[in-house]
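Each remark here refers to the structure printed beneath this line.
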Amino acid sequence: MGTCVVGAGSSGDAGTDSPASPPLALAGQRWLLPCTGPDPAVPPDPSLCMSGNSLQTVTLGGAAGQHFTVTVRIRGVFEVSPFTGGTATSAIGWYEGGTIGDNYHSDARLTISAPARIYHLNYSLAATDVVAPLDYTASFTIDGGATAAFEINGQDAKQLRNLDANGTPLTIPGVATTPSPYDGQFLQLDVVDVK
């Protein structure tokens, strides 16, 4: 767990946005869920590993009266799951509000304090038995001075290993990890536009 407070002078990878824009504090944030050990079942399932939860926060600079519409690109390798009670914007990826639809898949989410919203980043119409490569864009609003929490809830202390259906670890072009391929699941947020 970690906390990072970033002010209005932060710079980052933000396309056409000004380097002084408070939403740049979001640029390059990551959700990392490393494998911490083998599956403890007897016999162990080689497609699973032990994992935990993760939380880090970023506080934007700017004044509370400022409002920004931020477009982000989400890339990574993560297990996907259905969610309920909210709104999907596509068949896979971004899901606003609601809760995860089971008690064993990991939930990667972005929680914004103002305006108060929760966005899940690993939505799918149905859960899968292998991780999925994710690469999509989404837009949301955030106020100056708001806090963004980057959280993973593993639910059952296990996760799917970073392996495709053929047992090959996945990497994502433009997303560097240590180690590479990453021993676990990961997502990266890049800011591509701010209005």
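The single condition from (1) under 26 Å from Ser180 (Cα atoms); (2) among the charged types (D, E, K, R); (3) in a loop (DSSP other than H, G, I, E, B) that Asp102 fails is (1). Just checking, does the range 54-75 include any residue being under 19 Å from Glu151 (Cβ atoms), among the small types (Gly, Ala, Ser) and exposed (fewer than 14 other Cβ atoms within 10 Å of the Cβ)? No, every residue in the range 54-75 fails to be under 19 Å from Glu151 (Cβ atoms), among the small types (Gly, Ala, Ser) and exposed (fewer than 14 other Cβ atoms within 10 Å of the Cβ).
Output the residues belonging to the range 95-106 that are buried (at least 23 other Cβ atoms within 10 Å of the Cβ) and out of contact with any Asp or Glu (no Cβ under 6 Å at 6 or more places or on another chain). Tyr95, the sole residue that qualifies. Residue check: is Gly145 in contact (Cβ under 8 Å) with a residue 60 or more places away in the chain and surrounded by 14 or more Cβ atoms within 10 Å (Cβ to Cβ)? It is true that Gly145 is in contact (Cβ under 8 Å) with a residue 60 or more places away in the chain and surrounded by 14 or more Cβ atoms within 10 Å (Cβ to Cβ). Listed by first and then second residue, the pairs linking a residue in the range 90-109 that is in contact (Cβ under 8 Å) with a residue 24 or more places away in the chain and closer than 16 Å to Phe78 by Cα to a residue that is part of a strand (DSSP E or B) and of a type in the set (Asp, Glu), with Cβ atoms under 7 Å apart and 6 or more places separating them unless they lie on different chains, are Ile100/Asp107; Arg109/Glu151.
Every number here is computed from the coordinates shown, using simple stated rules; none is lab data. Bear in mind that the values here come from a model prediction, so they are computed numbers and not experimental data. Note that each Cβ is placed from the backbone with ideal geometry, even for glycine, and that neighbours are counted across all protein chains shown.
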